[in-house]
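Asks: Okay, handing you the structure first.
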Amino acid sequence: MSDNITASAQRPAWWRHGVIYQLYVRSFADANGDGIGDLNGIAARLDHIAGLGVDGVWLNPCYPSPNRDGGYDVADYTVIDERYGGMPAFEALRDAAHARGLKLLMDLVPNHCSSQHAWFRRAVAAGPGSDERARFIFRDGRGPGGSQPPNNWRSTFGGPAWTRLTAPDGEPEQWYLHSFDASQPDFNWANPQVADMFDEVLRTWFDRGVDGFRIDVAYAMVKHPDLPDLDDPAGDNPYLWNQPGVHEIFRRWRALADGYGRELALVGEVWLPPAEAADYIRPGELHQVFNFDLLQQSFDAREFRTSITDCVDALKHAEGVPAWTLNSHDVHRAVTRYGLTDPEPLNTADANALRTRARGAVDVQLGIKRARAALLLMLALPGAAYLYQGEELGLPEVQDLPDDARQDPIWERSGGTEHGRDGSRVPLPWRADAPNFGFTLATQNEADHATAPTTTPPWLPQPAWFADYCVDRQDADPESVLAFYRRALGERRHLDPDAPLVWLEIQREDAIAFRRGQYVCATVFDGPPIDAPAEWGQAVISSGTPGGTTTTTWYRADS
């Protein structure tokens, strides 16, 4: 018994190795029949998540919001929107998650708020030069009568990054900066009131028992103080991202989190190369940073090895860990990315979109095979891992949503030339024979095949082919993608979280292999099966035929 106690006490903090399940709240499960997912729906389906073998959940924003950008336009950071069940539903979900040993992370959006936030409404009313406007980035325009934006920056979602206000008398006046949609004014983080407000937001939710935050566009809050013009407005904007001042914010937040005396985690969304992203998890800053570089690679042995090596090498001066992921609410699902056979031209200035949201013809079975192999490889890497709801079902991207159903502001701001991210946000399929594929929960025990009450259709339409991916069908199939995810996450628990990654030279350009402790992870991206040497041990799990083409296999040497 004493050995077990010692081993438990020495196990690293959960955030250094945990697997977190991302919940796009609107699309997971609808408990009240209004067509929108909610926290009570999540609580009702929580055993599905716990049964995967993950360590926690992350809720996408569920605060009050006009929902112009999927909840990332926050109108009030301190409560849960009544559409999602309000604070009672949050408290019930928190307690249910903790009772199952699951950590609960919230989503923090500190770069911008909704134009309906009380602060911004006061800023608009107060007028130029006011203290209220100093909380945001307001500027006079250029040119005759200030008719031109203050600089030539472009919004990430398309169009100019500035919108001009109109005074009550109809006269145009100042412009405000928005890195994304016009409904999302950027905060001015040079104003100490902004920092103080977010300190209070963190304390509010930590006091309510949450275990951490995923921080939206964590590298964007601080802008170059001069707001200079870009030489190429269509290119990347170094004045908008990755300014040195963001690190002071994270040191402040880390000290705040550490003061609680329990294992809390701050994970940053940072779309930067591995070496730069690692700066965000230096001692005293964030605990985790997403390594999006791996997500952006094509299914290729050399690209995967280079990306992983770059990330692991970058960690040498860091205290935190990478958060690996292959899917999210912002990119096309891995099955589609890896199965894309005939990509269409994509008209966008967003470099990330070019790498992660290409459209076109897809070989779904090839995509599933590659996505399974990539998942098992990712789970073998040192650090934390994040899964996105529905990937455990092998869901492809829904590319053919009706244009009038699309809600992502990217679609509108691009003039309908970029389809955006709605296709990865379509509500999940649970039961093949149920209305809305079981996304809307039945009022009686599902075992008696009760029909759901009269319901509103889901907020995004589900395609008919979702029936093939439903949870109930996969539950009954030991060879399903869902069954594979459960086996993979179960085996990962035997992997020593402190074991370093050591590359093995196998003299293959179409395959890679590395050792971590007693395990060897080998992936064949293409070509013949690997002839595994005896010292690798026995194959314990494989994404396909052990050692076969387009397959990841874990071997374990029990010495």
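Asks: What FRET efficiency comes out for D140 versus M87 if R0 is 41 angstrom and r is the Cβ-Cβ distance? Round to the nearest 0.05.
Replies: Plugging the Cβ-Cβ distance into 1/(1 + (r/R0)^6) gives 0.50.
Asks: State the extension gain, in nm to one decimal, for the chain segment bounded by A483 and A255, taking 0.36 nm per residue of separation less the distance between their alpha-carbons.
Replies: 78.0 nm
Asks: Something else: If the chain between D313 and D199 were fully stretched, how many nm would it gain, using 0.36 nm times the residue separation less the Cα-Cα distance?
Replies: 37.8 nm
Asks: In whole angstrom, note down how far apart the Cα centers of the range 359-388 and the range 507-533 are.
Replies: 16 Å
Asks: Based on alpha-carbon centroids, what's the gap between the range 221-252 and the range 306-345 in Å, whole number please?
Replies: 23 Å
Asks: How far apart, in nm, are the 7 Å Cα→Cβ label points at T456 and A13?
Replies: My value for the distance between the label points is 4.1 nm.
Asks: What ranking do D300, D422 get, fewest neighbouring Cβ atoms within 10 angstrom at the top?
Replies: D300, D422
Asks: Rounded to the nearest 0.05, what FRET efficiency do D472 and T78 have when you use their Cβ-Cβ distance and R0 = 41 Å?
Replies: In this case the efficiency is close to 0.60.
Asks: Which is farthest toward the positive dipole end of the range 183-330 among A278, S183, V201, measuring Cα position about the Cα centre, with Cβ charges +1 (Lys, Arg) and -1 (Asp, Glu)?
Replies: Of the options given, the answer is V201.
Asks: Which listed residue (A358, A89, L340) has the Cα farthest towards the positive end of the charge dipole for the chain, taking +1 on Lys and Arg C-beta and -1 on Asp and Glu C-beta about the Cα centre?
Replies: Result: A89, furthest along the dipole toward the positive end.
Asks: Taking the Cα centre as origin and putting +1 on Lys and Arg beta-carbons and -1 on Asp and Glu beta-carbons, what dipole magnitude results for the chain, to the nearest 20 debye?
Replies: My answer is approximately 760 debye.
Asks: Which of the listed residues, G544, Q507, Y555, is farthest toward the dipole's positive end in the range 500-556, when Lys, Arg count +1 and Asp, Glu count -1 at the beta-carbon?
Replies: Farthest towards the positive end: Y555.
Asks: Any chance you could run the full-extension gain for A557 through H224? It's 0.36 nm times the residue separation minus the Cα-Cα distance, nm to one decimal.
Replies: So the extension gain works out to 114.6 nm.
Asks: Right, here's the next one. Under a straight-distance cross-link criterion of Cα-Cα below 17 Å, which aspartates and glutamates are reachable from K369, leaving out those fewer than 8 residues away in the same chain?
Replies: Cα-Cα hits under 17 Å: D300, E391, E392, E397, D468, D477, E479, D510, D526.
Asks: Which percentage, to the nearest 5, of the DSSP beta bridges contained in the chain is antiparallel?
Replies: Just about 55 percent of them are antiparallel.
Asks: Given R₀ = 41 Å, what would the calculated FRET efficiency be for D498 paired with D131, taking r from the Cβ atoms and rounding to 0.05?
Replies: 0.20
Asks: For the chain, what is the mean residue ellipticity at 222 nm derived from helices alone (per DSSP H run of n ≥ 4: -39500 (n - 2.57); sum divided by total residues; nearest 500 deg cm²/dmol)?
Replies: Mean residue ellipticity, 222 nm, calculated: -7500 deg cm²/dmol.
Read-outs: derived from the displayed coordinates by stated rules, not from any lab. Keep in mind that this is a model prediction, so the values were computed, not measured. Every residue, glycine as well, gets a Cβ built from its backbone with ideal geometry; the counts of neighbours run over all protein chains shown.
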